[in-house]
Amino acid sequence: MPSTLFSFLFLLLLPFPTLSHLFSPPDNYLINCGSAAPSTLVDHRPFAGDLVDHRPPFPRAVSLRNYNPLPDLLPIYHTARVFTSPARYSFPVTDKGTHIVRLHFHPFNSSNIDLGRAQFHVLLNGHVVLSNFTRLASGSRNPRIVEYLIWVDADSLVVVFVPNKDSKLAFVNAIEVISAPKDLVPETAQYLSPSKVEKFEGLNKQSLEVVYRVTVGGVKVTPFNDSLWRTWIPDDGFFKTSVGSEKYYFGGRIKYRVGGASREVGPDNVYNSARLIRSKNDSVPSVNMTWVFPVVGGYKYLVRLHFCDIASISLGLLYFNVYVNGHVAYEDLDLSYITNSLASPFYADFVVDGGEGALSVGVGPSQRSMAYVVDGILNAVEVMKLNNSFSSLDGEVCADFVMKSWSTGNNTGMLFTLVAAVCIVLSLSIVIRRKLLGSRESVSWSRLASNSSDYSVKN
């Protein structure tokens, strides 16, 4: 039986300023799904419940409570909003541009419903960000947070949950929709390919999924210590060459400068630690530091590298090479020339192909490296997946197919062929148009139809 999409507009929610963070986003929606009461996290952010007058915002949706939560489990994971048919949250946007979207998932058993068996799709403004998502695939019942950077040039940002036809169940524990700082995602980056290095245009218009956010040589950085409420995990699980390198911690002040990396790009706790290569005698070490990150092949990835010379005793002593996926990203990188100061952060963005399911980053001495000084340094790495030609971050499926497959019941064989063909034709037309325009910029998303009987995600 066809289902109906229901909009829930959070018109009464205003940005929540926090005393512990300098950044105050114009759009700041923090939703505790399935709850009527607000919850405040340890980082002092209040999450508002999505129950209106103690009634659910969606017909055919239920609110579940976890009556046996794990010890120290955050309160936003004590409840969940559960859907048995497609439903959407619609957030008014006052500040057009890049927005951070975080979706929180924690399956639990309640009222004879096992959220662990839920399987569903999630769409963000016409982009498929999760396809046939299930928490059981990870083998863990711990909470999971997925984060996206979405370009918004309309009046709303819409999150759609579509249950899989087999499980007929979707859920979410919490949603964050936050305006991103204007300098968080630039318009261009360097595209590194086997044949040449060229400029990648329209990066800020792409949909990005945060795959890894890693602090190098340091401890875990929690949302309480990040002005954008991010989590940075230690690099130990990705670092492959411990011989010839060392961890380093800096106790001084990080010197942010105009035009350089801001605290929103990377907090102090990320830049005050690093791994480095140091020459301890009259020769330059013949060693590289290497990190390897498992990724899904078939996508392009944004690799953001963070540097801050917190270990040199003077300017003009540190020179090193940087490699991304085997390509030379920088030769004889001189942080002093870029920042004109020690302990001043700098970051660089590169776009690479995912290749065979692994992405590597390397740092090592260069031809200009010197003895008795630091000959290589890295402070942090971020890896983000770019949407493919189907406007998807999870498989070769477009949003129209996800919606139409639900509305047509089990007659999906013929539908898949037809919709896939449409998606391919649209993708080819996009590629041809880009070539004609001489641009790599992606097509912007369309607003979901406001007509509750229309399942199309395009006007």
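The values are calculated or read from the model by the stated rules, or taken from the named source; none is laboratory data. The structure presented is a predicted model; accordingly, all values stated were derived computationally and were not measured. All Cβ positions, even for glycine, are placed from backbone atoms using ideal geometry, and neighbour counts span all protein chains on display. Ligands, DNA and RNA are stripped out before the accessible areas are found, and what is left, the full protein with its side chains, is counted by its heavy atoms. Shrake-Rupley method; radii C 1.70, N 1.55, O 1.52, S 1.80 Å.
For the stretch 68-87, residues that are outside any loop (DSSP other than H, G, I, E, B) and surrounded by 18 or more Cβ atoms within 10 Å (Cβ to Cβ) total 8.
Note on the stretch 162-218: residues that are of a type in the set (A, V, I, L, M) and closer than 25 Å to G354 by Cα total 11.
Condition first: assigned to a loop (DSSP other than H, G, I, E, B) and either of a type in the set (S, T, N, Q) or surrounded by fewer than 19 Cβ atoms within 10 Å (Cβ to Cβ) (or both). Can you find one or more residues in the stretch 88-95 that meet it? Among the residues of the stretch 88-95, at least one is assigned to a loop (DSSP other than H, G, I, E, B) and either of a type in the set (S, T, N, Q) or surrounded by fewer than 19 Cβ atoms within 10 Å (Cβ to Cβ) (or both), which makes the answer yes.
Against the definition (modelled with pLDDT under 95 and open to solvent by less than 20 Å² (accessible area, probe 1.4 Å)), how does S242 come out, yes or no? No, not satisfied.
Given the condition touching a residue at least 60 places away in the same chain (Cβ under 8 Å), hydrophobic (A, V, I, L, M, F, W, C), in contact with a strand residue (DSSP E or B) (Cβ under 7 Å, 6 or more places away or on another chain) and under 21 Å from C308 (Cβ atoms), answer yes or no: does some residue in the stretch 215-224 qualify? Yes, the stretch 215-224 contains at least one residue that is touching a residue at least 60 places away in the same chain (Cβ under 8 Å), hydrophobic (A, V, I, L, M, F, W, C), in contact with a strand residue (DSSP E or B) (Cβ under 7 Å, 6 or more places away or on another chain) and under 21 Å from C308 (Cβ atoms). Here the condition is being acidic (D, E) and either closer than 18 Å to S391 by Cα or in contact with a helix residue (DSSP H, G or I) (Cβ under 7 Å, 6 or more places away or on another chain) (or both); of D153, D183, D95, it holds for D153 alone. Here R257 passes the criteria (1) open to solvent by less than 10 Å² (accessible area, probe 1.4 Å); (2) within 16 Å of F307 (Cβ to Cβ) except the one numbered (1). Restricting the stretch 155-181 to residues that are outside any strand (DSSP E or B) and modelled with pLDDT of 95 or more leaves a set whose member that is surrounded by the most Cβ atoms within 10 Å (Cβ to Cβ) is N173. On inspection, F293 qualifies as under 26 Å from L184 (Cβ atoms) and surrounded by fewer than 22 Cβ atoms within 10 Å (Cβ to Cβ). Just checking, does the stretch 112-127 include any residue being within 23 Å of W229 (Cβ to Cβ) and open to solvent by 30 Å² or more (accessible area, probe 1.4 Å)? No.
Mind counting the residues in the stretch 194-214 that are in contact with an Asp or Glu (Cβ under 7 Å, 6 or more places away or on another chain) and either part of a strand (DSSP E or B) or on the phi < 0 side of the Ramachandran plot (or both)?
Selection size over the stretch 194-214: 8.
Assuming Y347 fulfils every condition listed in (1) under 25 Å from V219 (Cβ atoms); (2) part of a loop (DSSP other than H, G, I, E, B); (3) open to solvent by 30 Å² or more (accessible area, probe 1.4 Å) apart from one, which condition is it? Just one mismatch for Y347, condition (2). Of all residues in the stretch 320-327, at least one satisfies being modelled with pLDDT of 95 or more, hydroxyl-bearing (S, T, Y) and not in a loop (DSSP other than H, G, I, E, B).
Test F120 against the stated conditions and say whether it is touching a strand residue (DSSP E or B) at 6+ places or on another chain (Cβ under 6 Å), without any contact (Cβ under 8 Å) to a residue 60 or more places away in the chain and of a type in the set (F, W, Y). So F120 passes the test.
Only one entry of F108, F133, F91 meets the criterion of being farther than 18 Å from A36 by Cβ, at pLDDT 95 or above and not assigned by the TED database to the domain that holds W229, and that entry is F91. Taken together, V172, V162, V146 contain a single residue that is within 17 Å of the chain's Cα centre (by Cα) and either among the β-branched types (V, I, T) or closer than 24 Å to P75 by Cα (or both), which is V146.
Kindly establish whether Y301 is under 24 Å from the mean Cα position of the chain (by Cα), over 30 Å from F224 (Cα atoms) and either assigned to a loop (DSSP other than H, G, I, E, B) or assigned by the TED database to the domain that holds V221 (or both). When the stated conditions are applied, Y301 does not pass them.
If you go through the stretch 14-32 one residue at a time, do you hit one that is of a type in the set (S, T, Y), at pLDDT 85 or above, closer than 28 Å to K404 by Cα and open to solvent by 50 Å² or more (accessible area, probe 1.4 Å)? Write out each step before concluding.
Quick first cut of the stretch 14-32, residues of a type in the set (S, T, Y) only: 18, 20, 24, 29.
Narrowing further to those that are at pLDDT 85 or above: 24, 29.
Now narrow it down to the ones that are closer than 28 Å to K404 by Cα: none.
No, the conditions are met nowhere in the stretch 14-32.
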